[in-house]
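Shown next, in structure tokens, is the structure this report addresses.
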Amino acid sequence: MQYMLLIYDCDRPEPGDPGFEEALARVNAFAEECRRRGAFVYGHPLQPESTATTVSVRDGKTLITDGPFAETHEHLGGVYVFDCRDLDEALELAALCPMAEQGSIEVRPVAPVAGLDHRPSA
């Protein structure tokens, strides 16, 4: 089953910042361990919340707001998707994630929906 790990409230150093190389090495080691286990599907950091734009449609009108969803208390910093044998393995990998040491990682199963076509573009 696939699980999404949503990484919240984790400030990461940028290239050139002190600690960047160490942080990068730790994250790459984590991703390599997940690949070694056959669980890694994909993972990406997100740009800062200041780059977010929120879109909603109400009564047929599109509303565009600069910034993240206003009711969010934490900021979403990145995601991983893993293919795990069960929730226990997904939780184990979340605990190994270096970002869990300063932020929080929400683990949620990906919902299989019959007939849903989310194939990548050709």
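Per-structure values
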{"quantity": "Total charge dipole magnitude, the chain, about the Cα centre, Cβ charges on Lys, Arg, Asp, Glu only, Debye to nearest 20", "calculated": "540"}
{"quantity": "Kirkwood Rh (inverse of mean 1/r, distinct Cα pairs), the chain, angstrom", "calculated": "16.3"}
{"quantity": "Separation of the His118 and Leu63 label points, Cα + 7 Å toward Cβ, nm", "calculated": "2.5"}
{"quantity": "Simple spin-label estimate for Arg108 and Asp17 in nanometres, 7 Å along Cα-Cβ", "calculated": "2.6"}
{"quantity": "Loop-located GluC sites (Glu not before Pro) in region 39-122 whose Cβ has at most 12 other Cβ within 10 Å (DSSP)", "calculated": "Glu71"}
{"quantity": "Per-residue Cβ neighbour rank within 10 angstrom, fewest leading, Phe82, Phe40", "calculated": "Phe40, Phe82"}
{"quantity": "Inter-probe distance in nm under a simple model that places probes 7 Å from Cα toward Cβ, at Glu92 and Leu46", "calculated": "2.9"}
{"quantity": "Residue-by-residue Karplus 3J(HN,Hα) for region 28-38, coefficients 6.51, -1.76, 1.60, Hz, glycine and proline x", "calculated": "5, 5, 4, 4, 5, 4, 5, 5, 4, 7, x"}
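No lab work stands behind these numbers, since they all come straight from the coordinates. Owing to the predicted nature of the structure, the values given are computational and were not obtained by experimental measurement. Every residue, glycine as well, gets a Cβ built from its backbone with ideal geometry; the counts of neighbours run over all protein chains shown.
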